[in-house]
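Asks: Please read through the structure below; I'll follow up with questions.
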Amino acid sequence: MTDERMVERLTLVELAIRRQEIKKSRFIAIAGPVADEAAAKDFIATRSDPAANHNCWAWRVGQNYRFNDDSEPSGTAGKPILAAVDGQGLDRVAVVVMRWFGGILLGSGGLIRAYGGTAALCLREAKKAALIETVSGTVTCGFSDLALAQARLTAVPGVQMSVHAFTDSGAILSVSAPKPEVGGVDRLLTDLTSGRSVIRWTE
């Protein structure tokens, strides 16, 4: 069995752009990080150029992905762009590759190399960061434990906590933590409060 923790997924830190000219056709790839499917669709809509002959694209967010050839021959544009994303172990990323036709037909193989290659170059040069999957939850905490729990838990790398609501006896806190840290955060809270406070993870 493969340990998922050993397969590091990466995402982009910021927008990346790469230009290429291939047999007089101009290709521009724009890639960027996206949080979810809605953000990916918005990225494609806002980064596509209506003046280009073709705006071909692909995105991946976890197990969800889409690609589009934008009237190029089927399988010659969107799929190679997605292959470039997957080939570099990227997630939560969208890529648009625009083409301005230069008068010379590239053929199916040439198009696959042009779209996939421009996307791959763009992604290879982009700044990347490890994609850390987080889990959200809530903590019901008494007033006597509140300050210590907040101080100690937020000192754990990657853990974020905020007061969601106050109750008669304390507070309900919203918490998020990197998935690998969840067990440690549970134990830390239990030890700190002698079991009086419990995290309920939404997963």
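Asks: Looking only at residues that are acidic (Asp, Glu) and surrounded by fewer than 17 Cβ atoms within 10 Å (Cβ to Cβ) in region 31-88, which one is nearest to CYS122 (Cα to Cα)?
Replies: ASP86
Asks: Still on this model: For region 168-197, give me the residue count where each residue is outside any loop (DSSP other than H, G, I, E, B) and in contact with a strand residue (DSSP E or B) (Cβ under 7 Å, 6 or more places away or on another chain).
Replies: Here the count works out to 14.
Asks: Every residue in region 89-108 that is surrounded by 15 or more Cβ atoms within 10 Å (Cβ to Cβ) and of a type in the set (A, V, I, L, M), please.
Replies: LEU90, VAL93, ALA94, VAL95, VAL96, VAL97, MET98, LEU106
Asks: Can you name the residue in region 109-136 that is in contact with a Ser or Thr (Cβ under 6 Å, 6 or more places away or on another chain) and modelled with pLDDT of 95 or more and is also most open to solvent (accessible area, probe 1.4 Å) among such residues?
Replies: ILE112
Asks: With the requirement that a residue be open to solvent by 70 Å² or more (accessible area, probe 1.4 Å), over 22 Å from the mean Cα position of the chain (by Cα) and not hydroxyl-bearing (Ser, Thr, Tyr), what does region 173-203 give you?
Replies: ARG187, ASP191, ARG196, VAL198, ARG200
Asks: Determine which member of the set SER71, SER108 is without any contact (Cβ under 8 Å) to a residue 60 or more places away in the chain, in a loop (DSSP other than H, G, I, E, B) and among the hydroxyl-bearing types (Ser, Thr, Tyr).
Replies: Step by step, each of SER71, SER108 is checked, and only SER71 is without any contact (Cβ under 8 Å) to a residue 60 or more places away in the chain, in a loop (DSSP other than H, G, I, E, B) and among the hydroxyl-bearing types (Ser, Thr, Tyr).
Asks: So ALA38 passes all but one of these: (1) under 13 Å from the mean Cα position of the chain (by Cα); (2) part of a helix (DSSP H, G or I); (3) closer than 18 Å to LYS128 by Cα. Which condition number does it fail?
Replies: (3)
Asks: Kindly establish whether ILE17 is surrounded by fewer than 19 Cβ atoms within 10 Å (Cβ to Cβ) and farther than 29 Å from GLU133 by Cα.
Replies: no
Asks: Go through ALA165, ALA147 for me and flag whichever is part of a helix (DSSP H, G or I), more than 30 Å from ARG9 (Cα to Cα), over 24 Å from the mean Cα position of the chain (by Cα) and at pLDDT 85 or above.
Replies: Result of the check over ALA165, ALA147: ALA147.
The values are calculated or read from the model by the stated rules, or taken from the named source; none is laboratory data. These numbers come from a predicted model, not from an experiment. Neighbour counts run over all protein chains shown; Cβ positions are idealised from the backbone, glycine included. SASA here: full protein model, heavy atoms, side chains in, ligands and nucleic acids out. Shrake-Rupley method; radii C 1.70, N 1.55, O 1.52, S 1.80 Å.
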